[in-house]
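The values are calculated or read from the model by the stated rules, or taken from the named source; none is laboratory data. This one's a predicted model, so the numbers in the text were calculated from it and none came from an experiment. Here the Cβ positions follow ideal geometry from the backbone for every residue, glycine too, while neighbour counts run over all protein chains shown. Calculation scope for accessible area: heavy atoms of the full protein, side chains included, ligands and nucleic acids excluded. Shrake-Rupley method; radii C 1.70, N 1.55, O 1.52, S 1.80 Å.
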Amino acid sequence: MTITRFAPSPTGYLHIGGLRTALFSYLWARKLNGKFYLRIEDTDLKRNSYDAMKAIIEAFEWVGLSHDGEVVYQSDRFDLYKEYIDKLLKEDKAYYCYMSKDELDSLREEQMKNKQTPRYDNRYRDFNGVPPEGVKPVIRIKAPLQGIINFNDGVKGDISVNASEVDDFIIARSDGVPTYNFVVTIDDALMGITDVIRGDDHLSNTPKQIVVYEALNFKIPKFHHVPMILNPQGKKLSKRDGATDVMEYKKMGYMPQSLLNFLVRLGWSYGDQEIFSLKEMLELFNPNDINKSASAYNAEKLSWLNSHYIKNSTNEKLLKDLEMYELNLASHDKKEILLDSLKDRVKTLDELSQMSKGILHIPESYDDKGVKKAFKNDETYEILNKFISILESAGELHLPSDFEELFNKFLEDNELKFGKVGLPLRISLTGITSGISIMDIMAIIGKNESVNRIKKAIEVIKSR
Ligand code: GLU
């Protein structure tokens, strides 16, 4: 069975690079009816925060990537790690190292001076003497002294590292806390992970982790190291290039499916297809198709995808989504007309919420330039007043077509061109010069409110 995991360190929010590897891991497991686990790597007690952990889980829930089983917290597993450290010590595959920090520093300095790669010199590897007093030892693993550490990466291909490049690294610090590369390996092995999909910033950790797998006779999983997401200038993605926190995308009004579709295409492709439903992603994704080179963040693409998903959402879904943007339209009798006419025009849910509010609320101000253009002389007021009385004396009007019929008849009877009435009417109704069809607006707010707004506009604009 294929088992994958996402293993964030709770040192900050969930960033989009993390979400992308989570998505790849999720897709690969779900596609093959395997398991996908979530593991919080919170052993670095100084750098972890509870808030960061909560933020990561919240982001995960928002995008809807469900994981199997309970969330695994490394901080709950110290006893387990200790068991394996003891086992390695007992089997003479690990040892106490009493080298002080000062000694290590001067060794490094010396090596740098001689243009050598700084590395621990194995001085306690086979130590039998009396340990120096007052030094709390670290525990180091015995890495192979010669040979080659080799693995086949699903993205990068064959990777070979000379064993001499991996030193006897520390697996437990002097305070007993196990180190990162050690616990990742123990967890991946015990959780039965078959495919590790992660950022290629971890590529250099993999040979060290393989040393641990081999020391403990664990089965080595398949690794897939995914290249970074870069900004359009080819540099590391930063906050300046757009949001990096997944939850920022929610605030900005992106739908989770837009973000996931955007992320799946960053570093993976299937022909030139751009739109992928979750079902299609599951059908088509394969980590062996992940690109070898870095991908570039493209904000316009995300925006385009989001408009696509908004446009193609049912109104029922939009109504639910809009509640997150402080708009509850559930009981509005013209919500269908409102959403049908707006969803083709917006890029984000936030924009949809703002534009809806702009239509549903009586304007508080009127666009200056628009007013100058539309209200040139008294004739405009006369026309609008006339239209008010037509509206007032009309029977029931519900649909945009009811308003359109009335409006066209009004133009005809008064020998008016649309241009003379359209803009003043639009400004009176919404305060601005562009937007959805005026007939839709009047149908949405209704006859009485339309009359109300036109009257108010005349009053306010006249008194300017
Ligand atoms: N905790 C690591 C990180 O957040 C990921 C470890 C892994 O995927 O192996 O970068």
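Quick notes on this one:
- Any chance ILE159 is closer than 30 Å to ASP289 by Cα and either in a loop (DSSP other than H, G, I, E, B) or open to solvent by 30 Å² or more (accessible area, probe 1.4 Å) (or both): yes
- Residues in region 18-27 include at least one that is closer than 15 Å to ILE193 by Cα, more than 10 Å from the ligand (Cβ to nearest atom), part of a helix (DSSP H, G or I) and touching a His at 6+ places or on another chain (Cβ under 9 Å).
- Taken residue by residue, region 241-253 has at least one member that is open to solvent by 10 Å² or more (accessible area, probe 1.4 Å) and touching a strand residue (DSSP E or B) at 6+ places or on another chain (Cβ under 8 Å).
- Within region 318-336, restricting attention to residues that are in contact (Cβ under 8 Å) with a residue 24 or more places away in the chain and of a type outside the set (A, V, I, L, M, F, W, C), the residue that is most open to solvent (accessible area, probe 1.4 Å) is GLU326.
- Subset of region 193-240 (residues that are free of Cβ contacts under 8 Å to residues at least 40 places away in the same chain, over 28 Å from ASP92 (Cα atoms) and open to solvent by less than 40 Å² (accessible area, probe 1.4 Å)): SER238
- Residues that are surrounded by 20 or more Cβ atoms within 10 Å (Cβ to Cβ) and either among the basic types (Lys, Arg) or free of Cβ contacts under 8 Å to residues at least 12 places away in the same chain (or both) within region 408-464 comprise ARG426, ARG453, listed in sequence order.
- For ASP121, the criteria (1) open to solvent by 70 Å² or more (accessible area, probe 1.4 Å); (2) without any contact (Cβ under 8 Å) to a residue 24 or more places away in the chain; (3) not in a helix (DSSP H, G or I) hold in every case but one, which is (1).
- Matching residues in region 1-10 - criterion: being more than 8 Å from the ligand (Cβ to nearest atom) and part of a loop (DSSP other than H, G, I, E, B): MET1, THR2, PRO10
- Number of positions in region 194-226 that are more than 9 Å from the ligand (Cβ to nearest atom), under 22 Å from PHE285 (Cβ atoms) and touching a Pro at 6+ places or on another chain (Cβ under 9 Å): 6
- Top-ranked residue of region 1-33 - restricted to ones that are surrounded by fewer than 18 Cβ atoms within 10 Å (Cβ to Cβ) and of a type outside the set (Ser, Thr, Tyr), ranked as modelled with the lowest pLDDT: GLY12
- Looking only at region 73-118, residues that are open to solvent by less than 70 Å² (accessible area, probe 1.4 Å), touching a strand residue (DSSP E or B) at 6+ places or on another chain (Cβ under 7 Å) and not in a helix (DSSP H, G or I) come to 5 in all.
- Filtered residues of region 34-61 (kept if open to solvent by 30 Å² or more (accessible area, probe 1.4 Å) and either modelled with pLDDT of 95 or more or within 16 Å of PHE285 (Cα to Cα) (or both)): LYS35, TYR37
- Scanning region 278-317 for residues that are more than 30 Å from GLY267 (Cα to Cα) and either surrounded by 15 or more Cβ atoms within 10 Å (Cβ to Cβ) or touching a residue at least 12 places away in the same chain (Cβ under 8 Å) (or both) gives a single hit, ASN315.
- In region 124-144, the qualifying residues are those that are among the β-branched types (Val, Ile, Thr) and open to solvent by less than 40 Å² (accessible area, probe 1.4 Å), and the one that is farthest from ASP86 (Cα to Cα) is VAL138.
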